[in-house]
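None of the figures in this text is laboratory data; all of them are computed from the coordinates on show. In this text the structure is predicted, and so the values were computed from the model without any measurement. Every residue, glycine among them, receives a Cβ derived from its backbone with ideal geometry; neighbour counts consider all protein chains shown.
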Amino acid sequence: MDSNPNSKDVDASLDHVLTTPGSTRLSQKINLKKGLRMYIAGCPRQAFWAFSLVLDEDPANVVAHYLCGLALQSLNLPGEARTEWHLATVLVSNQGQSISAEWAKQMARNLLEADQARAM
């Protein structure tokens, strides 16, 4: 196990947020954790790759779309980031009404609204 306290914080947070009966599969949780570790470590390209693996398994994974948007924004690809955030707000997630899916939808809405406000 990683002795980095940030890694433990990420694991604990994701375990809490992603624990919903019948929601995200174990392989998806593992890739979301890997992606978040990479994102926190300043490696958005690797983070995007990990989040994309989740979307390969579940294209309606709202959390993965939101996180892909963050990684893309870090890669200076704002248009692609907005696309991911838009998808996060409109998809009907296989996660149902899980806390993580609702949180990701709201965060994506907030980012899109802030982006629109800056453009005005």
Highest average packing first - 34-43, 66-75, Cβ atoms within 10 Å = 66-75, 34-43
Packing-based exposure ordering (other Cβ within 10 Å, fewest first) of Val54, Val90 = Val90, Val54
